[in-house]
Amino acid sequence: MTVEFDATVESEAAPLGVSARPPRSLVRAFWPIAATGAVLALVPLWLGDSRLMMGLAVDALVFGAYAIAFNVIFGSTNQLFLCVGALAGVGGYASAILADQAGLPMAVALALATALATVVGGLLSWVAVRRSLGVIFTGIVTLAFSLSFANLVLGQRGLTGGETGLVVAAGEGSFLRERVAAFYLFLGMLVAFLVVFRALERSHIGWAFRALRDSELAAELAGVDVARYRVYAGLIGSAMLGITGAVYAHSDGFIGPSTFGFGHVDVRVLVMLAFGGLGTLLGPVVGTVVFAVLDELLVDAGQLRTVVYGLLIIALFLGFKRGAVPAVADLLRLLVRRARSRIGR
Amino acid sequence: MTAVVLDGIVLGLQFGLLGVGMTLVYGLGGVLNLAYGQAAVLAAMVVAVALTAGAPALVAAGAGLLTAAAGGVVLDRTLMLPVYHQRGEHRVLLGLLLTLGVAFVVDGLLLWRYPTGALRLTIGGEAVPILGVRMRAGSLWASGISLAVGAILLLFFRATTLGRAARSVIQDEVGARLVGINPAAVRTFIFALSGALAGLVAVTRSMTSPVGVTAGFDFTILALIVAVVGGLGSVAGAFLAGVLLGIVSTVSAFYIGQYITTIVLLAAAALTIVMRPRGLLGR
Amino acid sequence: MLEASGLSAGYLGENVVEGVDVQVAAGQAVAVIGSNGAGKTTLFRALCGMLPVTAGRVRFDGEDITGRPAHRVARAGLAYVPAERHLFPGMSVRENLLLGAYPRRPDPSAFGLVFDLFPRLEERRQQRAGSLSGGEQQMLAVGRALMSRPRLLMLDEPTTGLAPKLARSAYEALGVLKGTGMTLLVAEQQVPLALSVADRGYVLENGRIRLEGASEDLERNPEVRRAYLGVA
């Protein structure tokens with residue numbers, strides 16, 4: 001008989017995720033997404049004149065999309081994929097190379113690139129699942145992949161432009177290169193991703209996700225094929241990353257090794273989700289907005305910007321296990337409950 | 001070819017020391033210290049500043065090592081406390097994230113203060129022929145120091161009471177408490193030791209090529225690879241893995257190219273995890 | 001030598017053990033008997049600092065050790081051998097024993113004492129602890145605890161996983177130890193064995209002391225006989 005020895009037993013099973021059930025009714029489930037979409041749709045009215053600001057807004061949306069994808073993979077099934085940037089990079093570089101160098105029509109290149117990213121991500125998931133890699137080992141393996149991809153890009157100079165980056169010809173002259181049009185395209189993708197996330201949550205897949213997050217062993221015993229659902233999450237998240245990366249490549253016109261690098265993408269996504277809350281629906285969106293503002297404020301700080309990110313990561317993961325916003329939301333809920341009981345007395 | 005392999009061994013010995021620091025902290029505390037490379041760079045910068053200020057070489061080196069060790073102690077006694085309250089995977093995850101934050105803070109501060117900082121130690125002396133290859137004094141010193149420190153470490157862990165106590169905490173923390181060992185104190189000591197090791201590697205590395213202020217994350221990733229391949233928690237494993245990977249690294253860099261070499265090293269770590277998670281000598 | 005008064009302890013806010021008073025005088029052997037889930041292990045962990053105490057006091061040789069961390073309790077002379085043993089599997093028998101005396105190097109006679117008691121351990125001196133048999137691991141666990149020359153030896157279900165013959169020889173060894181003047185506190189499900197060595201006993205049921213007394217009295221007690229000795 002083995003007894004849990006230490007008295008400070010961690011009672012939450014999910015390290016950083018949430019196990020709440022999504023709302024039952026269709027309206028309650030999806031109106032936050034519609035509202036968010038509507039609000040964000042107004043941004044160009046406010047910033048539309050400045051090409052610079054709109055460019056930043058587009059970048060913010062792209063990161064939001066990345067964050068949702070990471071939420072699907074890590075928030076839903078605890079797979080620490082430290083290769084968000086790399087998977088998006090697979091999509092971006094593959095699409096650019098296929099369209100520009102292999103001469104494929106942009107739509108075909110996009111589709112193939114997304115498929116490639118999906119397969120790669122799915123493979124990583126599958127390997128992690130087959131070899132029962134825990135969170136840490138999955139993290140290390142995906143980190144190794146991320147860094148390898150970066151080195152691959154740097155090494156294959158002929159194909160990828162190496163250090164100097166790649167100018168993406170395909171998409172030039174199309175609506176993609178217009179900042180406002182691109183904004184609405186990415187907003188559409190963001191909303192679509194949110195819809196997918198919520199739909200997943202409400203489906204039997206989402207039920208399986210919650211089960212395996214709460215207790216992997218219990219889920220297995222209850223008949224949930226944990227392996228399969230993990231791979232599903234990996235595939236869906238990677239598809240999201242791949243297509244975002246690919247569309248970004250054609251929309252921006254230029255991609256380089258730093259565009260999809262670990263320090264540039266993965267770290268930001270982590271901070272964003274630390275703010276907005278892992279596993280929540282709008283967490284990525286909140287995190288995106290907060291982060292975009294923060295980034296703007298820090299743009300002149302140079303290296304001190306990195307210091308601030310570091311401090312944020314520490315403060316956020318130390319103080320708020322599920323994210324700053326959920327913690328604040330919990331606090332508010334607690335205060336409201338207290339106020340109500342006082343009134344009721 | 002011999003020259004390449006010898007260079008590989010020189011490099012490998014430093015890889016080994018680097019890996020030992022990382023593997024010890026993981027083995028003892030269950031923490032993957034992502035700020036490890038920054039300890040090395042911090043030491044390098046301190047040494048550089050001290051040397052520029054005119055301090056004698058040994059004093060400067062000592063100052064660097066001491067700073068890195070002190071940093072380790074501070075980290076263990078502050079941020080790591082909530083991490084140690086967690087268990088298992090939660091602990092590793094939180095430790096990973098918090099040390100990542102620390103890495104950014106230290107990296108950013110160092111880059112801000114010394115944007116072009118680098119440490120380069122030139123060791124005077126004749127090149128000595130070994131197996132028909134002329135080895136520069138710097139390489140010889142670096143190897144000699146690494147070997148000596150490595151031997152001392154192995155002896156320490158094998159034959160001294162404190163070293164044995166450290167091993168016992170890795171093997172069974174509860175058992176260690178039962179015999180009167182304070183795991184927290186041992187962890188602090190090991191954190192300090194790993195910081196000093198990182199600093200030492202920075203100093204020996206700078207004897208053969210400059211250690212720049214941006215090298216932090218490279219060191220960390222390298223340490224992680226060596227620790228994983230050697231077996232997390234195994235000191236001897238880290239050394240063995242270090243030397244092997246050092247040779248692989250120089251051979252690959254010589255015959256193929258720099259980027260592929262990095263990929264090969266990363267793949268070695270990934271393959272170890274997938275095929276043989278306990279590494280070369282881990283349990 | 002050891003005195004617990006009003007001791008309560010538990011996990012996650014729930015007390016498993018409530019208001020327990022236990023006394024162990026120097027040179028005595030005391031048994032705590034009870035079935036699975038009675039709270040014996042919880043009590044022992046609370047006594048030696050492995051588990052935080054929610055109420056009550058623990059005194060060792062007059063000194064209040066309530067809430068003192070386990071490693072400091074060990075250094076104060078109270079050696080605890082848990083049911084899970086917690087040996088160092090990758091280290092040899094000799095190294096495990098060496099560490100028993102931490103932070104000091106062991107008294108030269110300490111090895112002699114342990115090997116006299118458990119000759120099998122001397123044979124297997126260089127063997128990895130993880131590769132020992134169940135009985136040998138139990139011997140090593142006790143031996144390791146003895147290396148620090150403790151004043152009180154606490155054992156939690158020392159017969160766990162041992163075949164009846166080995167269990168008996170374990171208690172024979174404990175009897176020898178008692179003969180040398182060692183103070184013993186043993187938690188045990190196997191009542192006849194426990195009472196064979198103990199001078200006094202406590203019966204723990206649902207976290208509370210149900211009965212206490214000299215072991216002969218407990219052996220004759222009809223409730224004890226019915227519940228633990230399988231006699232109608």
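The values are calculated or read from the model by the stated rules, or taken from the named source; none is laboratory data. Nothing here was measured: the structure is a model prediction, and the numbers come from that model. In this analysis, Cβ positions are derived from the backbone assuming ideal geometry, glycine residues included, and neighbour counts consider all displayed protein chains.
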How do the pairs read when you match residues in the stretch A:154-177 that are under 13 Å from A:Tyr93 (Cβ atoms) with residues anywhere that are assigned to a loop (DSSP other than H, G, I, E, B), using Cβ under 6 Å and keeping only pairs 6 or more apart or on different chains? A:Leu154/A:Pro257; A:Gly165/A:Gly256; A:Val168/A:Gly253
Just wondering, is there one or more residues in the stretch C:53-67 that are of a type outside the set (Lys, Arg) and facing chain B (nearest Cβ under 10 Å)? no
Could we say that C:Gly161 is over 15 Å from the mean Cα position of the chain (by Cα), over 25 Å from C:Ala25 (Cα atoms), touching a residue at least 24 places away in the same chain (Cβ under 8 Å) and not assigned by TED's automatic domain parsing to the domain that holds C:Phe88 here? yes
Report yes if some residue within the stretch B:201-216 is aliphatic (A, V, I, L, M), in a helix (DSSP H, G or I), surrounded by fewer than 24 Cβ atoms within 10 Å (Cβ to Cβ) and within 11 Å of chain A (Cβ to nearest Cβ); otherwise report no. no
Taking the conditions exactly as written (buried (at least 23 other Cβ atoms within 10 Å of the Cβ) and within 21 Å of C:Tyr80 (Cβ to Cβ)), does B:Val174 satisfy them or not? no
Which residue is modelled with the lowest pLDDT, if the candidates are limited to the stretch A:154-191 and must be of a type in the set (Gly, Ala, Ser) and within 25 Å of the chain's Cα centre (by Cα)? A:Gly171
Could you please find all residues in the stretch B:121-162 being surrounded by 12 or more Cβ atoms within 10 Å (Cβ to Cβ), more than 17 Å from B:Ala3 (Cα to Cα), more than 11 Å from chain C (Cβ to nearest Cβ) and over 18 Å from the mean Cα position of the chain (by Cα)? B:Leu121, B:Ile123
Residues that are surrounded by 12 or more Cβ atoms within 10 Å (Cβ to Cβ) and within 8 Å of chain A (Cβ to nearest Cβ), drawn from the stretch B:107-120: B:Asp107, B:Gly108, B:Leu109, B:Leu111, B:Trp112
Top-ranked residue of the stretch C:175-232 - restricted to ones that are acidic (Asp, Glu) and not in a helix (DSSP H, G or I), ranked as farthest from C:Glu18 (Cα to Cα): C:Asp199
Considering only the stretch B:265-280, state which residues are assigned to a helix (DSSP H, G or I) and either among the polar types (S, T, N, Q) or buried (at least 19 other Cβ atoms within 10 Å of the Cβ) (or both). B:Leu265, B:Leu266, B:Ala268, B:Ala269, B:Ala270, B:Thr272, B:Ile273
For the stretch C:86-100, name all the residues that are at the interface with chain B (Cβ under 8 Å from one of its Cβ atoms) and either closer than 27 Å to C:Thr66 by Cβ or not in a loop (DSSP other than H, G, I, E, B) (or both). C:His86, C:Glu95, C:Leu98, C:Leu99, C:Gly100
Given the criteria within 14 Å of chain B (Cβ to nearest Cβ) and not in a helix (DSSP H, G or I), does A:Phe149 qualify? no
Among the residues of the stretch B:245-262, which ones are within 13 Å of chain A (Cβ to nearest Cβ) and aliphatic (A, V, I, L, M)? B:Ala253, B:Ile256, B:Ile260
For the stretch C:152-169, name all the residues that are farther than 13 Å from C:Met139 by Cα and aliphatic (A, V, I, L, M). C:Leu152, C:Leu153, C:Met154, C:Ala163
Can you tell me which residue within the stretch B:89-142, out of those that are modelled with pLDDT under 75 and out of contact with any helix residue (DSSP H, G or I) (no Cβ under 8 Å at 6 or more places or on another chain), is farthest from A:Gly319 (Cα to Cα)? B:Pro129
Go through C:Arg105, C:Arg94 for me and flag whichever is under 26 Å from B:Leu162 (Cα atoms) and surrounded by fewer than 15 Cβ atoms within 10 Å (Cβ to Cβ). C:Arg105
Within the stretch C:103-127, the residues that are within 11 Å of chain B (Cβ to nearest Cβ) and in contact with a Lys or Arg (Cβ under 8 Å, 6 or more places away or on another chain) are C:Pro103
For A:Leu56, indicate whether it is closer than 29 Å to A:Ser148 by Cα and either modelled with pLDDT of 80 or more or not β-branched (Val, Ile, Thr) (or both). yes
Matching residues, the stretch C:180-191, being closer than 10 Å to C:Ile33 by Cα and out of contact with any strand residue (DSSP E or B) (no Cβ under 8 Å at 6 or more places or on another chain): C:Gln190
Please enumerate the residues belonging to the stretch B:79-88 that are closer than 15 Å to B:Ala39 by Cβ and at the interface with chain A (Cβ under 10 Å from one of its Cβ atoms). B:Leu79
Any idea which of (1) in contact with a Leu (Cβ under 9 Å, 6 or more places away or on another chain); (2) in contact (Cβ under 8 Å) with a residue 40 or more places away in the chain is the one B:Gly88 doesn't satisfy? (1)
Given C:Ala46, C:Ala55, C:Ala38, C:Ala9, which one is assigned by TED's automatic domain parsing to the domain that holds C:Arg208 and at pLDDT 90 or above? C:Ala46
